[in-house]
1. Find the residue count for region 64-82, including only residues that are open to solvent by less than 40 Å² (accessible area, probe 1.4 Å) and basic (Lys, Arg).
2. Considering only residues of region 100-115 that are part of a strand (DSSP E or B) and among the aromatic types (Phe, Trp, Tyr), which is nearest to Gly8 (Cα to Cα)?
3. If I filter region 106-117 down to residues being in contact (Cβ under 8 Å) with a residue 12 or more places away in the chain and open to solvent by 50 Å² or more (accessible area, probe 1.4 Å), which single residue comes out as nearest to Leu20 (Cα to Cα)?
4. Does Ala99 satisfy the condition of being surrounded by 12 or more Cβ atoms within 10 Å (Cβ to Cβ), closer than 20 Å to Gly26 by Cβ, in contact (Cβ under 8 Å) with a residue 40 or more places away in the chain and of a type in the set (Gly, Ala, Ser)?
5. I need the full set of residues from region 41-89 which are touching a residue at least 60 places away in the same chain (Cβ under 8 Å) and not aliphatic (A, V, I, L, M), in order please.
6. So which residues in region 46-63 are out of contact with any Phe, Trp or Tyr (no Cβ under 7 Å at 6 or more places or on another chain) and open to solvent by 60 Å² or more (accessible area, probe 1.4 Å)?
Amino acid sequence: QVQLVESGGGLVQAGGSLRLSCAASGSIFSLNIMGWYRQAPAPGKQRELVAAITSKDSTNYSDSVKGRFTISRDNAKNVVYLQMNSLKPEDTAVYYCNAEGLAYTKLFSSWGHGTQVTVSS
């Protein structure tokens, strides 16, 4: 069982910054991909990928956050970060951490409970 705990959300004005953290714990053999997703409060909005990072530090960003957000990870601590700069009201959402890897000999994909990010105009 792998648990993910997010922190760092909150309320910020447009143009401001926040840093999210996600710590993974449990029976982890390897963490292959760690990522951040978000789900906006509007009805019908799907959860969407924000950014992801592999164990080799290869990164992928959604077009809407490129140049503003930076994902990074600390492999020794099993933590992934999301530095969010130049925040916009449309970034308001619940942000979820996701991790995929091996727990002993079993593949897993785990989700955190989410952290609220609210950007005021």
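The values are calculated or read from the model by the stated rules, or taken from the named source; none is laboratory data. If you're wondering where the values come from, they're calculated on a predicted model, not measured in any experiment. Cβ: placed from backbone, ideal geometry, glycine included. Neighbour counts: every protein chain shown. Ligands, DNA and RNA are excluded from the accessible area calculation, which covers all protein heavy atoms including side chains. Shrake-Rupley method; radii C 1.70, N 1.55, O 1.52, S 1.80 Å.
1. 2
2. Among residues in region 100-115 that are part of a strand (DSSP E or B) and among the aromatic types (Phe, Trp, Tyr), the one nearest to Gly8 (Cα to Cα) is Trp111.
3. Filtering region 106-117 for residues that are in contact (Cβ under 8 Å) with a residue 12 or more places away in the chain and open to solvent by 50 Å² or more (accessible area, probe 1.4 Å), the one nearest to Leu20 (Cα to Cα) comes out as Gln116.
4. Answer is yes for this residue.
5. Hits for region 41-89 are Tyr81, Gln83, Asn85, Ser86, Lys88, Pro89.
6. Gln46, Lys56, Asp57, Ser58, Thr59, Asn60, Asp63 - these are the residues of region 46-63 that are out of contact with any Phe, Trp or Tyr (no Cβ under 7 Å at 6 or more places or on another chain) and open to solvent by 60 Å² or more (accessible area, probe 1.4 Å).
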